[in-house]
Amino acid sequence: MNTIIKPQAFKGDDPQPLLRETPEGEAYPLHALGSLREAVEAISEKNQAPLAMAAQSALSAASLASQPFANVQALGGDMPISLFCLTVAESGERKSSCDKLIMQGIEDFTKEARQEDEERLEVWKKAHQLWKAKREGYLKIVSSSKDENKRQAAEADLEAMGVEPKRPAPTVTTVKEPTIEGLIRVYQQGVGSLGLFSDEGGSFIGGHSMNSDNRLKTVAGLSSLWGGDAIDRVRAGDVAEVFYNRRLAIHLMVQDVAAKPLLNDPVASGQGFLARFLIAQPQTTVGTRLIENRQETDMRPVHKAAQRLRFLIEAEKPTVEGRPAELAPRLLQLSSDAKALLIKFHDEIEVLQGQGGELQDLRAVASKIAEQAARIAGVL
């Protein structure tokens, strides 16, 4: 008996995604935050924001405040305790709110210091004008007077004037969208420690500094600052200058659409720039942030942390004698137990980078993990 097969309409498979979904990350190691833990928990609870987001804000702010005071002993040598942080989260995740709470003490100090800056600048302007007028007067006598005694007296007065009064350094703690030249200019003005902090980091990533013409220069310059390298400034018509021991901490908070071009950028990856960042992209809490039955958050740990950061920002920085902008941080040395632990951690990560290892495709990041651990320990 013959079987009759009825024709059926073709039904294809559903479209398959070209990219796999990003797996959910492991729980943030809150227990490792030391004295920052309570503040991070309170910030997260107050804003109903992911713990990782609150922790990124706290760690980066702590790095900004502490980086002038210490270097840390790492396996590759003595390193700054500056941290570069990148937090990826969509609009409405309360990124700005997390940053604002922990940065409040630093922001308050900066605002209050602006009035003093203006007063010091006015005093300097008057002193500088007087110095300049005197110098021009003496120079005129030296160059044109026929009286030998007058010329000799003017030369002696010139010698006695000393160096030109130096413009007072501005109170600058953070900048949002600088070019690398702009950063160097701030360092040149006598600032030793800076933070590149922006809750709209997409403006920096998509801005002038990171366009196709400037990206390599910016990436190389920022990478050098992470390593604590000297900054060379050579321009046509200018005197060549070298700035030693300047420090930079970074925290960029960006939306996913703005982060992807940077995360996929071959220049940023190839130069090891991204490997220098602590990157967090926590799962959203949107949809769970219900006000009903929410308990009042105890904000005392946040206020305590914010005031501690203000104390560090206000404190006199250790500098090289005669060079008020050149930092002279002390060294935080590893104890024998700490060094043994760091070596063990480094070697475990090294094995995972081998062929077929879990970190084989993340070698640039993995190679810096042990140093990142030492830097974070130094900050805490």
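Quick notes
- In region 146-170, residue most open to solvent (accessible area, probe 1.4 Å) [restricted to those that are in a helix (DSSP H, G or I) and of a type in the set (D, E, K, R)]: GLU159
- Residue list for region 237-266, filter: under 16 Å from the mean Cα position of the chain (by Cα) and not in a loop (DSSP other than H, G, I, E, B): ARG247, LEU248, ALA249, ILE250, HIS251, LEU252, MET253, VAL254
Residues are listed down the side, and each one gets a yes or a no for (1) open to solvent by less than 10 Å² (accessible area, probe 1.4 Å); (2) within 18 Å of ALA249 (Cβ to Cβ):
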residue	(1), (2)
GLN48	no, no
LEU59	yes, yes
SER66	no, yes
MET79	no, yes
LEU83	yes, yes
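- In region 99-120, the residues that are closer than 13 Å to LEU64 by Cα and of a type in the set (D, E, K, R) reach residues that are assigned to a helix (DSSP H, G or I) and open to solvent by 10 Å² or more (accessible area, probe 1.4 Å) with C-beta atoms within less than 8 angstrom, at least six apart or across chains, in these pairs: GLU107/LYS100.
- Hits in region 188-204 - residues which are of a type outside the set (Gly, Ala, Ser) and either open to solvent by 20 Å² or more (accessible area, probe 1.4 Å) or modelled with pLDDT of 90 or more (or both): GLN188, GLN189, VAL191, LEU194, LEU196, PHE197, ASP199, GLU200
- Those residues of region 251-266 which are of a type in the set (A, V, I, L, M, F, W, C) and open to solvent by 80 Å² or more (accessible area, probe 1.4 Å), in sequence order: VAL257
- Positions within region 226-257 being of a type outside the set (S, T, N, Q), over 17 Å from VAL186 (Cα atoms) and at pLDDT 85 or above, in sequence order: GLY227, HIS251, LEU252, MET253, VAL254, ASP256, VAL257
- Test: residue in region 138-145 that is more than 30 Å from PRO68 (Cα to Cα) and outside any helix (DSSP H, G or I): yes
- Selection status of SER223, open to solvent by less than 60 Å² (accessible area, probe 1.4 Å) and out of contact with any strand residue (DSSP E or B) (no Cβ under 8 Å at 6 or more places or on another chain): yes
- Considered as a group, the residues in region 171-187 that are in contact (Cβ under 8 Å) with a residue 40 or more places away in the chain and closer than 21 Å to ALA259 by Cβ include one that is least open to solvent (accessible area, probe 1.4 Å), and that residue is ILE180.
- Selected residue [of a type in the set (A, V, I, L, M), in contact (Cβ under 8 Å) with a residue 60 or more places away in the chain and farther than 30 Å from GLY190 by Cβ] from LEU33, LEU18, LEU64, LEU59: LEU33
- Any pair with Cβ under 6 angstrom, 6 or more apart, that starts in region 264-288 at a residue that is within 20 Å of GLU21 (Cα to Cα) and ends at one that is hydroxyl-bearing (Ser, Thr, Tyr): ALA280/THR87
- GLU316 free of Cβ contacts under 8 Å to residues at least 12 places away in the same chain, among the acidic types (Asp, Glu) and within 27 Å of LEU36 (Cα to Cα): yes
- Every residue from region 196-227 that is among the hydroxyl-bearing types (Ser, Thr, Tyr) and in contact with a Phe, Trp or Tyr (Cβ under 8 Å, 6 or more places away or on another chain): SER198, SER223
- Residue match in region 136-143 (condition: more than 21 Å from ALA61 (Cα to Cα), surrounded by 14 or more Cβ atoms within 10 Å (Cβ to Cβ) and aromatic (Phe, Trp, Tyr)): yes
- Tally of residues being within 23 Å of GLU241 (Cβ to Cβ), in a loop (DSSP other than H, G, I, E, B) and free of Cβ contacts under 8 Å to residues at least 40 places away in the same chain across region 190-217: 1
- Look at region 137-162: where a residue is charged (D, E, K, R) and a partner is open to solvent by less than 70 Å² (accessible area, probe 1.4 Å) and in a helix (DSSP H, G or I), sitting 6+ places away or on another chain with Cβ atoms under 6 Å, you get LYS150/ILE141; ARG151/VAL142; GLU155/VAL142; ASP157/TYR138.
- VAL302 touching a residue at least 12 places away in the same chain (Cβ under 8 Å), in contact with a helix residue (DSSP H, G or I) (Cβ under 8 Å, 6 or more places away or on another chain) and within 28 Å of GLU181 (Cα to Cα): no
- Residue ID - farthest from MET299 (Cα to Cα), chosen from residues in region 19-42 that are out of contact with any Lys or Arg (no Cβ under 9 Å at 6 or more places or on another chain) and assigned to a helix (DSSP H, G or I): ALA32
- The selection criterion, being among the basic types (Lys, Arg) and under 18 Å from the mean Cα position of the chain (by Cα), holds for ARG276.
The values are calculated or read from the model by the stated rules, or taken from the named source; none is laboratory data. These numbers come from a predicted model, not from an experiment. When we count neighbours, we look across all protein chains shown, and the Cβ atoms used for this are built from the backbone with ideal geometry, even at glycine. Note: accessible area is taken over every heavy atom of the protein model, side chains too, but ligands, DNA and RNA are not part of it. Shrake-Rupley method; radii C 1.70, N 1.55, O 1.52, S 1.80 Å.
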